[in-house]
1. Evaluate segment 570-582: report whether one residue or more is at pLDDT 95 or above, within 29 Å of the chain's Cα centre (by Cα) and either assigned to a strand (DSSP E or B) or of a type in the set (Gly, Ala, Ser) (or both).
2. Counting just the residues of segment 330-345 that are closer than 13 Å to residue 369 by Cβ and surrounded by fewer than 23 Cβ atoms within 10 Å (Cβ to Cβ), which one comes out modelled with the highest pLDDT?
3. Going by what's in this entry, would residue 289 be described as crowded, with 24+ Cβ neighbours inside 10 Å, touching a Ser or Thr at 6+ places or on another chain (Cβ under 9 Å) and not assigned by TED's automatic domain parsing to the domain that holds residue 195?
4. For segment 414-445, how many residues meet the condition of being under 20 Å from the mean Cα position of the chain (by Cα), in a loop (DSSP other than H, G, I, E, B) and not hydroxyl-bearing (Ser, Thr, Tyr)?
5. Pick from 529, 562: which is in the same structural domain as residue 612 (by TED's automatic domain parsing), within 34 Å of the chain's Cα centre (by Cα) and closer than 18 Å to residue 444 by Cα?
6. Considering only segment 481-501, I want to know if a residue exists there that is farther than 15 Å from residue 622 by Cβ, buried (at least 18 other Cβ atoms within 10 Å of the Cβ), touching a Leu at 6+ places or on another chain (Cβ under 9 Å) and of a type in the set (Lys, Arg).
7. Would segment 110-123 turn up any residue that is free of Cβ contacts under 8 Å to residues at least 24 places away in the same chain and either in contact with a Pro (Cβ under 6 Å, 6 or more places away or on another chain) or not assigned by TED's automatic domain parsing to the domain that holds residue 215 (or both)?
8. Only one of (1) assigned to a strand (DSSP E or B); (2) at pLDDT below 95 is not met by residue 561, so which one is it?
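The values are calculated or read from the model by the stated rules, or taken from the named source; none is laboratory data. Predicted, not measured: the structure shown is a model, and the values here were computed from it. Glycine gets a Cβ as well: all are built from the backbone with ideal geometry, and neighbour counts include every protein chain shown.
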Amino acid sequence: MMGFRNAFRYPGTLLRLGISNIAYVAWYRFTLKSGIRKYFFPEHPIDATVPFFRSGGSRADCPDRSGRALTDAADRMIRGQLRYYVHHWKTVGNPPDWFLNPFNGRRFPAPQRHWTVLGDFDGRVGDIKNVWEASRFEWVATLARAYATSGDPVYLDTLNQWLRDWVENNPVNIGPNWKCGQEASIRVFNLVQAATILGQEDSPSRSLMDLVFRHLERIGSNIRYAVAQDNNHGTSEAAALFIGGHWCLKGDPSGARREKCEDFARKGRGWLENRVGKLVEEDGSFSQHSVTYHRVLLDTLTFAEHWRRRFGVGPFSATFYQRAGAAVDWLFLMTDAESGAAPNLGDNDGTMLLHAHDCDYRDFRPSVQTASVLFHGRKRYADGPWDEPAGWFGLKGDGAGNTGRERISRVLQGGYVIMAGEDSWGMVRFPMYRFRPGHNDVFHFDLWYRGENICRDGGSYSYNPEAPSDRAYFGSVKAHNTIGFDDDEQMPRAGRFLLGDWIKAEHVGGIETAGDATQCWTGSYKDYRGNRHQRKITWKGDEWSVEDTVSGAFDKAEITFRLPPGAYRVEGNRVAAPWGKIDVSGPVCGMAMSKGFESLYYWVKQPVDTLVLRAGAGCRTITTVFTLGKKESGR
């Protein structure tokens, strides 16, 4: 919980983080610094005397829809390349160098040390996620799919060789790749996925069972720290314990190991039920205000429920299924049916758990489709490459999908407004913080038109970039489509992942509809400096009006709208765009196009065209109208 000490500067924030969570993190850090915690995590050998996965030829029933893309990816791995964050191909060797940061060429220093003595952020290596990524085992699922679909033994041999090399270079609890329980959980997910793909889930090898068991020991001994974060660390680690515990029991262990497996499964179920009940709202919103982290949650619940059925153990609670189903619907509402993309809302760390497909990282349809079939018994999209994961899981759903017309305007009490136009749709983020916000994105407005993201969010880029200004920028108000006062933030930053003085909504309206089918929504808040912002959005067809009314003791205000790259012309108070036009009215002191940045993929930063509207202290209301349609661009 980075920066929790700074929360003492903001007493209200401290209370909302939870005193028990703060106390546990303080105790946890004390045990790290004192060396006590090291004794809870002894080094162990892993039995790698037999291959982790057996040969068996190709699967006749494999649901591969990737064609050449899958074997091309597997062949690149054999040539010594790995895909980072489901986007970047980096040369790392065959087998990979498990301690290399390929983005700057540096290796993690002293990887032979126990994980409890290693720091979270080391300037010598850079972003630790760049080291961890190779050890998340995305390649395990890719090589397994390549072997299952082709029967070529080179893919299976490479898979077993890399796992053996990883075990030799990463003794249990030694080195950076054992530092994070969630990273260990993701490895468990990918190992079990691969066993499913290869048809070995019911009779795993002794080596594979031992590898998973040692991961469960690491996760189970530290899960209380993950729970204290109130985020996807707790759900991921709980699900890994539940799945891995039951899975290891299939190997019929005896004595103390069997008791441990039963305890892992029981503890995992208990914490998963607890986390879903606390962190997922009735409308499906998640504690982390992020679309990509919501996908992590949904994939985690998909894994847990799929394996629960396979194990033949009792169902989860009614609350679990209500929240899981609502979480499916939430991500469906946030996903553009035409492109498969979604608003780049909140923190985005490049994680995608469901790797049994070759869709792009920004395509959320595989997760929505698989989870919808599992929890609702029906598809949300027509047949396509996003069906592959459900095929590997043996899931079949009713229905032929839809074209996105299921989206209707609604207010989600988790802090979102969904707005349905004709060939367009929008989303507004309003302040509702039961858990800590990550970005200064209050009243951010996202707009989509025929599959294109017109008003777009910024993303994250990196949690530990080479230039600290990059981290500050992507979480700032300037990286969102909203208003900022006096170059200040809506909420002051109290730490790397923590904001202080959380904003409370002053007013959150419902969707109002006029007789001519015009719809509107209004909300307002007051920040910690006393500045008030009311945003009213009105839409009909594909015309959208954003009316911003402000008051307070500010000297200047800036309204930002981040737009897709294109040829823009400012003509008075109008901007001509390739996709339509923007008209601005009100006391604007300045109106200009400038450059901002966005990060659609972790460690990718690219420019975006940005419309900046400047207003002085006497400003009251500024209205910005977006008219979508190419026929408008020449006016």
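1. No.
2. Let us first name the residues in segment 330-345 that are closer than 13 Å to residue 369 by Cβ, namely 331-332, 335, 337, 340.
Filter once more, keeping what is surrounded by fewer than 23 Cβ atoms within 10 Å (Cβ to Cβ): 337, 340.
Working: 337: 93, 340: 97.
Here the residue is 340.
3. In short, no.
4. Qualifying residue count for the region: 15.
5. Matching residue, one of 529, 562: 562.
6. For segment 481-501, residues farther than 15 Å from residue 622 by Cβ, buried (at least 18 other Cβ atoms within 10 Å of the Cβ), touching a Leu at 6+ places or on another chain (Cβ under 9 Å) and of a type in the set (Lys, Arg): absent.
7. Checking segment 110-123: not a single residue is free of Cβ contacts under 8 Å to residues at least 24 places away in the same chain and either in contact with a Pro (Cβ under 6 Å, 6 or more places away or on another chain) or not assigned by TED's automatic domain parsing to the domain that holds residue 215 (or both).
8. The single condition residue 561 does not satisfy is (2).
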